[in-house]
Amino acid sequence: LILEGAYYGRMSLIEKYQDNNNKALKLIKEDENTESKLMKANIYGNLADSYSELKIYDSAHYYSDKSINTIEEISSSKYLLSKRIYKNKPFIYFNKSWILLQQNKYEEAHYYIKKAYNQAKLEKIDYMALFYEIYGDYYYHIENYKEAIVYYKLSSKNKKKFNQNSAY
């Protein structure tokens, strides 16, 4: 359901994306094990992303905050020992920062950008382009263009490492 939902999201079929994520959420057991919490946090993040896409920011923040609160209930040691497929903490923070940037709340966004970047580094994520790019976007919006260029170049370099084209 979650994978199918992700494809609906990529096709901008937001209602189907939300439906699949809500169905998946109902299937998760109510126990408080780490895997269940991680799956819930990821689904809440997906729902936040869908509402952000629709520019319904109150709902986007609601689900983003649920996602963050759920994932932060898990100790760092348990989180880091979890299966890679469930570990999305950097992207959950990234998503929150993206919602805030869309609303021109730059300083609030910066807090989550730092959290996302630091978590990605902690997890030794190789594909850092997203995190560099959002730093670039942040610096662009606060009119620190030199710093924005630094991060956009880092993003471009990282994308090339993965044979991806860059818009910059």
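The values are calculated or read from the model by the stated rules, or taken from the named source; none is laboratory data. Predicted model, so just to flag it, every value in this text is computed and none were measured. We place every Cβ from the backbone using ideal geometry, glycine too, and count neighbours over all the protein chains shown. Keep in mind that these areas ignore ligands, DNA and RNA; they rest on the heavy atoms of the full protein, side chains included. Shrake-Rupley method; radii C 1.70, N 1.55, O 1.52, S 1.80 Å.
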Could you list, in sequence order, all residues of segment 56-100 that are among the hydrophobic types (A, V, I, L, M, F, W, C), under 19 Å from LYS124 (Cα atoms) and open to solvent by 30 Å² or more (accessible area, probe 1.4 Å)?
-> LEU80, LEU81, ILE85, PHE91, PHE94
Which members of segment 12-46 meet the condition of being acidic (Asp, Glu) and assigned to a loop (DSSP other than H, G, I, E, B)?
-> GLU30, ASP31, GLU32
With criteria (1) of a type in the set (Phe, Trp, Tyr); (2) open to solvent by 50 Å² or more (accessible area, probe 1.4 Å); (3) modelled with pLDDT of 90 or more, TYR44 comes up short on (2)
Can we say TYR135 is open to solvent by less than 40 Å² (accessible area, probe 1.4 Å), aromatic (Phe, Trp, Tyr), at pLDDT 95 or above and closer than 24 Å to ALA41 by Cβ?
-> yes
